[in-house]
1. Just how much of A:His221 is accessible, in Å², when a 1.4 Å probe is used and the result is rounded to the nearest 10?
2. For a quick check, take a GNM of chain A with Cα springs below 10 Å and name the residue from A:His68, A:His204, A:His346 with the largest mean-square fluctuation.
3. In a Gaussian network model over chain A where Cα atoms closer than 10 Å are linked, find which of A:Val367, A:Val279, A:Val240 has the largest mean-square fluctuation.
4. Just how much of A:Lys66 is accessible, in Å², when a 1.4 Å probe is used and the result is rounded to the nearest 10?
5. Comparing A:Gly330, A:Gly243, A:Gly345, which has the greatest mean-square fluctuation in the GNM of chain A with Cα pairs linked when under 10 Å apart?
6. Whenever you get a sec, line up A:Glu331, A:Glu127, A:Glu288 from highest to lowest accessible area (probe 1.4 Å, protein heavy atoms).
7. Ordering A:Met348, A:Met292 from largest to smallest accessible area (1.4 angstrom probe), what's the sequence?
8. Projecting each Cα onto the charge dipole of the range B:1-72 (Lys/Arg +1, Asp/Glu -1 at the beta carbon, about the Cα centre), which of B:Val56, B:Met69, B:Gln30 comes out farthest on the positive side?
Amino acid sequence: MPSFPHPTELPDDQRVVITGLGLTSPNGNSIGEFRDSLLNGRSGIKDYEVRYFGKTVAGVCDFDVKRHQSRRDARRGTRAGSVGIYCAREAIADSGIDWDNTDTSRVGVYIGITEHGNVETESEIYEISKFEYDTSVWTHHHNPRTVANNPAGEIALNMSITGPHYTIGAACAAGNAGLIQGLQMLRLKECDLALAGGVSESIHTFGIFAGFNSQGALATHQDPTKASRPFDLNRNGIVVAEGGCLYTLERLSDAKTRSAKVYGEIVGYAMNTDATDFVLPNPTRQAECIRMALDRAHITPENVNIVSTHATGTGMGDILECEAVRDVFGECNNTHINNTKSFIGHTMGAAGAIELAGNLMAFEDGVVHPSINVDDLDPECAINGLVLNEPKEIGTVDYIFNNSFGMLGINSAVVIKRT
Amino acid sequence: MAPAEIRTAIIDILGDIAPDEDLSNLDDQQSFRDQMELDSMDFLDIVMELRKRYRVQVPEEDYTNLDSMASTVSYLTPKMVAVA
């Protein structure tokens, strides 16, 4: 195993910091709104109806599409593209970068996605069903909408970015994977500024609801705000959500030059694979991934103040992640553990990025937002340090650890340090 | 459909394709492209919507007839005479 240098021993042009963020989540369209919702127990889950499948619950975003996109372009593009454009524009505005004078050939766009193209394909099949499946009415927009780089490409098109753009397909670890890709490309000098994170439009395809339902993994509850309940004994599955979160990443040297506001430094990351099952996680591999990220950050579990869990509210998934987290952090008395999906559901490709954003503000306010809807803690999810139902003031936060896992055994972890 | 009705149908299609455009002052004699931001994909949208809404087929070699409102209406009138 190659050893990674201590983050503080790296030259500033190899250190990568977060200098801006833009997001849309079911309970907030800015970091301020989102954080306020997380600290005040506001769920973003609502009753929802989707073609063919019918009534269910979901996390739905209500950002203003027209804020950064013409109606014509929104119609021509995809929901994931609109989510991405909103987040990217907001992330740049938040960073304070002089965008008009930025060399956009040196900007890279790295967008994590769980899947892409299902929504558009499904819509077209529905459309041609009204014409007895005559494929001559199949839209010519289908291919540009469904190519896998679509969300990243729409951002580049909207913002006239001529540097590299692509998506990273990484199931529900994709938000972290996008962030990691951005960091790596900055270190390799492939770009000078990265827009990185993840997006999801998954609630607009019935297939994802029907698939989870057939798997026995789709949440149901009379009160939609109570449907997403990771760690609770009565959890019964995933609440599907849409959303996005993109970060403006820069090398520390560049951030210093322009005296940028810095949210935190990415000091550790890791990705690995279970290689054991299509769906069921492997806690041994998850724990290995977590430890690898800690090692690369040159910290011990005790140094971590907040662990943002991936837990989605499924029976086994939550237990297995808790096993991995307990294995690494179980003896830590100052490590606090929470979950954001309890508020917003599972934003799929955006999850890792959004869930990190909600916790990032703890560097400023010293508060850990809770995991809500835990009325009866599952004993198998009882980990030392869980913050349940009410936020907890813990004072200075130095390290935030972000878990994000996905199907086909993909694991990711990111460590952010206070600056 | 009479020419005036065809014009209305085209305006409806254009309104969907280019929702940000003001179509109230469209000059029927001038090329669409000179008055609106339309690209080749938008023209394909016009062809597609004619096919979907009115079952009218516009072969590729006839696309040049969709240059202006006047030429479009003139071209479509015999094709849409039987359309209710």
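The values are calculated or read from the model by the stated rules, or taken from the named source; none is laboratory data. Predicted model only: the values in this text are computed from it and were never measured. Cβ placement follows ideal geometry from the backbone for every residue including glycine, while neighbour counts extend to all protein chains displayed. When the accessible area is computed, the model is the full protein with side chains, heavy atoms only, and any ligands, DNA or RNA have been set aside. Shrake-Rupley method; radii C 1.70, N 1.55, O 1.52, S 1.80 Å.
1. Rounded to the nearest 10, the figure is 80 Å².
2. It is A:His68.
3. So, out of A:Val367, A:Val279, A:Val240, the one fluctuating most is A:Val279.
4. 130
5. With Cα springs under 10 Å in chain A, the top fluctuation among A:Gly330, A:Gly243, A:Gly345 is at A:Gly330.
6. Details: A:Glu331 160, A:Glu127 45, A:Glu288 85 Å².
Result of the area sort, largest leading: A:Glu331, A:Glu288, A:Glu127.
7. Details: A:Met348 5, A:Met292 35 Å².
Result, largest first: A:Met292, A:Met348.
8. B:Val56
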